[in-house]
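In what follows, a single structure is set out as structure tokens and then discussed.
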Amino acid sequence: MANIRPFSAYRPAPGLESKIAALPYDVYDREEATAEVKKNPDSFLAIDRAETGFGPAVDTYAPAVYERAANLLREWISRGKFVREDKPCYYLYELTMEGRIQTGIVACASIDDYNSNIIKKHENTRADKEQDRIRHVDACNMQTGPIFLAYRSDTALSEIVGAVKRTAPACCFVSEDGIGHSVWVIGEESQVDGIRQRFARMDSVYIADGHHRCASAVKVGMMRRQSGPEDAGERESDYFLSVLFPDEELRIMDYNRVVIDLNGLTMEEYLERVSADFLVEKAPKAPYHPGRKGQFGMFLEGIWYCLTAKSHILSEDPVDGLDVSLLQNHLLGPVLGIEDPKTDKRIDFVGGIRGLGELERRVQMEKGRRAGQTAVAFSMYPTSMAELFAVADAGRLMPPKSTWFEPKLRSGLFLHGLEA
């Protein structure tokens, strides 16, 4: 039974939503974040990436950075840039991208559900990346970035969401990247009760994106329990900020690969080795995006190819059968020598939002190649939500860079305070 509860959110004061809302902190590097905050001082990046308030001599993870984040957040609240709901509510967060709409329920999810695997994961997390957000959440006493959760579509929840969306939104704006954002407040008692009861009937909820933010929020909650375990499950820190979407509305984009060289092979040797496990054909069009599972686009020496996995490498295993696994286990690893894609500097990953032209550009311009080396890029067929659920249900983990979700949830539209 998933414990998904309403909460009293801090939200931007009316009229400030479009100025404050920011892409997630980890979308930017430090230079990009600093430029964004300089362009828009009201961007929530000023808090999420507080190092933007210092020169480059100050380390990104210096104590002063987290202190600045906490002080700036308190200042913005005291100045009225954020207002807090006067009672626990759920919220709707609708995003519109290229005419496609997805609507999530903003709520707080239980750290106990995470620890007991009711909230299921499909990725590993890194302790160093967790530590940054642990320090940020603890210093701010606030969860500032929502975790992107998914659930199997539920008719009763859809009816409640539909009824709420027939009313006027609390805010509505279009961000610079053309994504539409709308927010509704759900405070009506019967709707609040209905949402909580429907989630309570679910055996599983899934992390779609934000594994590190989620793990960090859980660890802060567990640390705070040490000071008073008698009220475990009742503190605000026992819950983390989430937006929960029905699976039928979500879109996973391709997460493509670029490798800097052919591992010492000539082009002829490389293609011969690839042909052992893949049917290699000239692509019917350029650039080429695969049209079905088990197919891959390959850009090499200015030519697009279509690779089709041969039957002997296909698998019904929820992990081994993923396209990202087929490519890794039967080409990137044995042919190109990419044994650990998490650490190998010869491979890079390009989100599908950047388009196939970015793959062509990267192959032609890839830095680090020696004279005579050839780079190669692979366009992927996207992982499906059904595959994500199957991996998580099996208690397994996906290979690195298996999913790219769009549109990205904005930070700063909803904040969850950890005070009593």
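Just a few scattered comments:
- Residue within region 376-386 that is at pLDDT 95 or above and open to solvent by 60 Å² or more (accessible area, probe 1.4 Å) present: yes
- Condition broken by SER227, with the remaining ones in (1) of a type outside the set (D, E, K, R); (2) open to solvent by 50 Å² or more (accessible area, probe 1.4 Å); (3) part of a helix (DSSP H, G or I); (4) under 27 Å from LYS129 (Cα atoms) satisfied: (3)
- Residue match in region 255-265 (condition: open to solvent by 50 Å² or more (accessible area, probe 1.4 Å) and closer than 30 Å to GLY337 by Cα): yes
- Scoring HIS312 on the criteria (1) part of a loop (DSSP other than H, G, I, E, B); (2) over 22 Å from ALA375 (Cβ atoms) leaves a single failure, condition (1).
- Qualifying residue in region 395-411 (condition: of a type in the set (S, T, N, Q), within 15 Å of ALA208 (Cα to Cα) and either open to solvent by less than 20 Å² (accessible area, probe 1.4 Å) or touching a residue at least 12 places away in the same chain (Cβ under 8 Å) (or both)): yes
- Restricting region 379-420 to residues that are in a helix (DSSP H, G or I) and of a type in the set (Asp, Glu), the residue that is nearest to MET222 (Cα to Cα): ASP393
- In the set (1) basic (Lys, Arg); (2) closer than 30 Å to ALA62 by Cα; (3) open to solvent by 20 Å² or more (accessible area, probe 1.4 Å), the condition left unmet by ARG133 is number (3).
- Filter result for LEU336 (out of contact with any Gly (no Cβ under 7 Å at 6 or more places or on another chain), part of a helix (DSSP H, G or I) and either over 30 Å from PRO12 (Cα atoms) or among the basic types (Lys, Arg) (or both)): no
- Filtering ASP344, ASP340 for residues that are surrounded by 15 or more Cβ atoms within 10 Å (Cβ to Cβ), within 23 Å of the chain's Cα centre (by Cα) and without any contact (Cβ under 8 Å) to a residue 40 or more places away in the chain leaves a single hit, ASP344.
- Hey, ALA64 touching a Phe, Trp or Tyr at 6+ places or on another chain (Cβ under 8 Å) and within 27 Å of VAL192 (Cα to Cα) or not: no
- None of PHE349, PHE378, PHE299 is of a type in the set (Phe, Trp, Tyr), in contact with a Lys or Arg (Cβ under 7 Å, 6 or more places away or on another chain) and within 22 Å of GLU268 (Cα to Cα) except PHE378.
- In region 70-128, counting only strands (runs of 3 or more DSSP E) that sit wholly within it, the ones holding 3 or more residues that are open to solvent by less than 70 Å² (accessible area, probe 1.4 Å) and closer than 17 Å to CYS172 by Cα span 90-97, 100-110.
- Here region 347-359 is the region considered, the condition is being open to solvent by less than 50 Å² (accessible area, probe 1.4 Å) and assigned to a helix (DSSP H, G or I), and the residue that is farthest from TYR255 (Cα to Cα) is GLY357.
- Test: residue in region 49-68 that is assigned to a helix (DSSP H, G or I) and in contact with a strand residue (DSSP E or B) (Cβ under 9 Å, 6 or more places away or on another chain): no
- Residue within region 155-167 that is in contact with a helix residue (DSSP H, G or I) (Cβ under 9 Å, 6 or more places away or on another chain) and under 20 Å from GLU98 (Cα atoms) present: no
- When LEU45, LEU72 are screened for being at pLDDT 95 or above and farther than 23 Å from SER182 by Cβ, only LEU72 passes.
- Flag for HIS212 being modelled with pLDDT under 95 and either farther than 23 Å from MET1 by Cβ or part of a loop (DSSP other than H, G, I, E, B) (or both): yes
- Subset of region 232-254 (residues that are assigned to a helix (DSSP H, G or I) and open to solvent by less than 50 Å² (accessible area, probe 1.4 Å)): GLU236, SER237, ASP238, ASP247
- Options ALA62, ALA50; residue that is surrounded by 13 or more Cβ atoms within 10 Å (Cβ to Cβ), touching a helix residue (DSSP H, G or I) at 6+ places or on another chain (Cβ under 6 Å) and not β-branched (Val, Ile, Thr): ALA50
- Residue in region 314-336 that is surrounded by the fewest Cβ atoms within 10 Å (Cβ to Cβ), counting only those that are more than 24 Å from the chain's Cα centre (by Cα) and of a type outside the set (A, V, I, L, M): GLU316
- Residue within region 17-29 that is assigned to a helix (DSSP H, G or I) and of a type in the set (Asp, Glu) present: yes
- Residue check for ASP113: in contact (Cβ under 8 Å) with a residue 24 or more places away in the chain and either of a type in the set (Val, Ile, Thr) or in contact with a strand residue (DSSP E or B) (Cβ under 7 Å, 6 or more places away or on another chain) (or both): yes
The values are calculated or read from the model by the stated rules, or taken from the named source; none is laboratory data. Since the structure is predicted, the reported quantities are computational estimates derived from the model, not experimental observations. Counting neighbours? That spans all protein chains shown, and the Cβs are built from the backbone with ideal geometry, glycine included. The accessibility values were calculated without ligands, DNA or RNA, using every heavy atom of the protein model including side chains. Shrake-Rupley method; radii C 1.70, N 1.55, O 1.52, S 1.80 Å.
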